[in-house]
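K.L.:
There's a structure below that I have some questions on.
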Amino acid sequence: MTAHRRAVVLGGGFTAMLTSAMLARHIDEVVVVERDEYPAGAQPRKGVPQARHCHILWSGGARIAETYLPGMTGKLLEAGAHRIGIPGGLVSLTPFGWQHRFPSTEFTLASSRALLDRVMREETLRQGRISVLERTEVLGLTGGADRITGVTIRDRDSGDERVLEAGLVVDATGRGSGMRRWLERIGVPAPQEESVDTGMVYATRVFRAPEGTESGFPLVSVLADARRPVPGRGAVLMPIEDGRWIVTLSGTRGGEPTADAEEFSAFARDGVRHPLIGDLIEGLEPLTAVQRSHSTVSRRLHYDRLGVWPEGLVVIGDATTAFNPVYGHGMSAAARSVAALEAQLRDRGLAAGLGRAAQRAVARAADDAWAMATSNDVGYPGCRVQGTDPRLTGPAADRRDADMMGALATRNRDVARAALALMTLSATVTEIQSPRLFAALRRGPEVPVLTAPPLLPHESARLRIPAAA
């Protein structure tokens, strides 16, 4: 494409940084407009409502991020993050039983969200074409329903307002986006909205990891089973930088974890389907208080379906499709959307039709993650569903195939390879459908059912339970 003088990216988090790094490959100047002030070092940012909870960057998203920010993975690991192989480094009680730890084909980058954001920000802003306006809020769009020409911004310290012109505006402001309101002012109708609200609450605490487990420890998860007619309760333990473990508990409507520190370990031990994580954190030194969050509704705004869409505008990431964070799909789905936007830029440049084509591509890029999260969540008691997606309202038979594959993935390595490629957003539903997968499905289970957590001897050493055979 022909380079253009300026793109404006609204928001300053993971999606905004990755979008900016991508745009800097094609456009002369990229200006990031960020409402908050960036913290010094690896500290949570006010504009990230779940910054203190467990965040998982799956391999699908990490590979895309590395494409736009070469060396980012290495910088994260140097700063103390962990690269955990999946499923070899995963101890997980799935809804269908314990997952066998087959040789890893995928991975996750495990760190605090604050460290990830700091490294992303530093690597992005090394590029000379990108600048940031901190403590600056967006008041609205300029232009009209046919084309956006920029944004009106206000300096939060001085109160000064001005117009920032742009050939392309990308909204990456997340769940709190004001885009619907801004579009209404210029005559663009409200988009169709879909939502799935399980009432899930998060509760997180950080602990000092036991001596000897500062590196090489697996990602541990005890997942809820939406097929059971009870609130879905789960727990995740993830090693992060500086010899710490972050533990996030979750519970859907009627089964929410509290902020009470005394009840935290009890929930991890007795409130979920297996006491493993409660046993692991027994007696550990807590480094933080319990932090809670209710920002867990899966919500989709179908800007891609509007009959009127202005040129020069794209909405991306959580600002258009936000997920229940328990699946860890938000950042990786956003990364796929950034790649989808770039594909449209390469094909079309800033020519007429880019805005609509890009918005539809962004929606397609998030669709697999949306289907995986919401089709599972609708099974929880009291889940509130708004929308007409047949995957949410259709017959239960539509979900039985996914359940069959999930059960077989725990005991067949080729099925696990495909299922985990999909879960980590490394492949699409279409891409995993191969002769190898179909042959594996016909073969069925290859190894016995695990009756205990598949911990290795050195991992179970601090527990009073034997390692799995």
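K.L.:
Quickly estimate the mean residue ellipticity at 222 nm for the chain, helices only: each DSSP H run with n ≥ 4 gives -39500 (n - 2.57), and the total goes over all residues, rounded to 500.
P.N.:
Values: 14 runs with 143 residues, N = 469.
For the chain, the value works out to -9000 deg cm²/dmol.
K.L.:
Quick one: net charge of Gly85's neighbours, Cβ under 13 Å, K/R +1, D/E -1?
P.N.:
Overall, the nearby charge balance is +2.
K.L.:
Could you check the simple spin-label distance between Leu139 and Ser215, using points 7 Å along Cα→Cβ, in nm with one decimal?
P.N.:
For Leu139 paired with Ser215, the spin-label model returns 5.2 nm.
K.L.:
Summing +1 for each Lys or Arg and -1 for each Asp or Glu, what net charge is found among the other residues whose Cβ lies under 9 Å from the Cβ of Pro286?
P.N.:
Here the charged neighbours net out to +1.
K.L.:
For every other residue with a beta carbon closer than 15 angstrom to the beta carbon of Asp197, add +1 if it is Lys or Arg and -1 if Asp or Glu, then tell me the sum. Show your work: numbers first, answer last.
P.N.:
On the way: positive: Arg175, Arg253, Arg299, Arg300, Arg384; negative: Glu193, Glu194, Glu256, Asp377, Asp389.
Here the count lands on 0.
K.L.:
Same structure again: Length gain on complete extension for the stretch Arg175 to Arg147, per 0.36 nm per residue less the alpha carbon to alpha carbon distance?
P.N.:
Fully extending the segment from Arg175 to Arg147 adds 7.7 nm.
K.L.:
Let me ask another. Estimate the FRET efficiency between Arg442 and Leu463 by the formula 1/(1 + (r/R0)^6), using the beta-carbon distance for r and 41 Å for R0, to the nearest 0.05.
P.N.:
0.60
K.L.:
Same structure, new question: Take the alpha-carbon centre of the range 439-463, take the same for the range 322-386, and report the distance between them in whole Å.
P.N.:
Between the Cα centre of the range 439-463 and that of the range 322-386, the gap is 33 Å.
K.L.:
If packing is taken as the mean number of other Cβ atoms within 10 Å per residue, what is the order of 368-380, 73-85, 322-334, highest first?
P.N.:
The peptides rank, most packed first, as 322-334, 368-380, 73-85.
K.L.:
Probe of 1.4 angstrom, ligands and nucleic acids ignored: what's the accessible area per residue over the chain, in square angstrom?
P.N.:
Details: 18860 Å² over 469 residues.
Spelled out: the 1.4 Å probe surface of the chain, per residue, equals 40 Å².
K.L.:
Simple spin-label model, 7 Å along Cα-to-Cβ: Ala402 to Ala266 in nm?
P.N.:
According to this spin-label approximation, the distance is 3.5 nm.
K.L.:
Follow-up question, since we're still on this one. Using +1 on the beta carbon of Lys and Arg, -1 on that of Asp and Glu, and nothing else charged, what's the dipole of the chain about the Cα centre, debye to 20?
P.N.:
800 debye
K.L.:
What FRET efficiency comes out for the pair Thr451/Arg364, r = Cβ-Cβ distance, R0 = 51 Å, nearest 0.05?
P.N.:
Rounded to the nearest 0.05, the efficiency is 0.80.
K.L.:
What distance in nm separates the simple spin-label points at Leu287 and Ala352, each placed 7 Å from Cα in the Cβ direction?
P.N.:
Modelled inter-label distance: 5.7 nm.
K.L.:
To the nearest 20 debye, what charge dipole does the range 31-151 have about its Cα centre, counting +1 at the Cβ of each Lys and Arg and -1 at the Cβ of each Asp and Glu? It would help to have the intermediate numbers written out before the result.
P.N.:
On the way: 15 positive and 12 negative charges, 37 e Å.
Using Cβ point charges on Lys, Arg, Asp and Glu, the range 31-151 gives about 180 debye.
K.L.:
Between Arg384 and Arg156, what's the calculated FRET efficiency when r is the beta-carbon distance and R0 is 25 Å? Round to 0.05.
P.N.:
Efficiency, from the Cβ-Cβ distance: 0.10.
The values are calculated or read from the model by the stated rules, or taken from the named source; none is laboratory data. What you are looking at is a predicted structure, and each value in this text was computed from that prediction instead of being measured. Note: ideal-geometry Cβ built from the backbone for every residue, glycine included; neighbour counts use all protein chains shown. All accessible areas refer to the heavy atoms of the entire protein, side chains included, with ligands and DNA or RNA removed. Shrake-Rupley method; radii C 1.70, N 1.55, O 1.52, S 1.80 Å.
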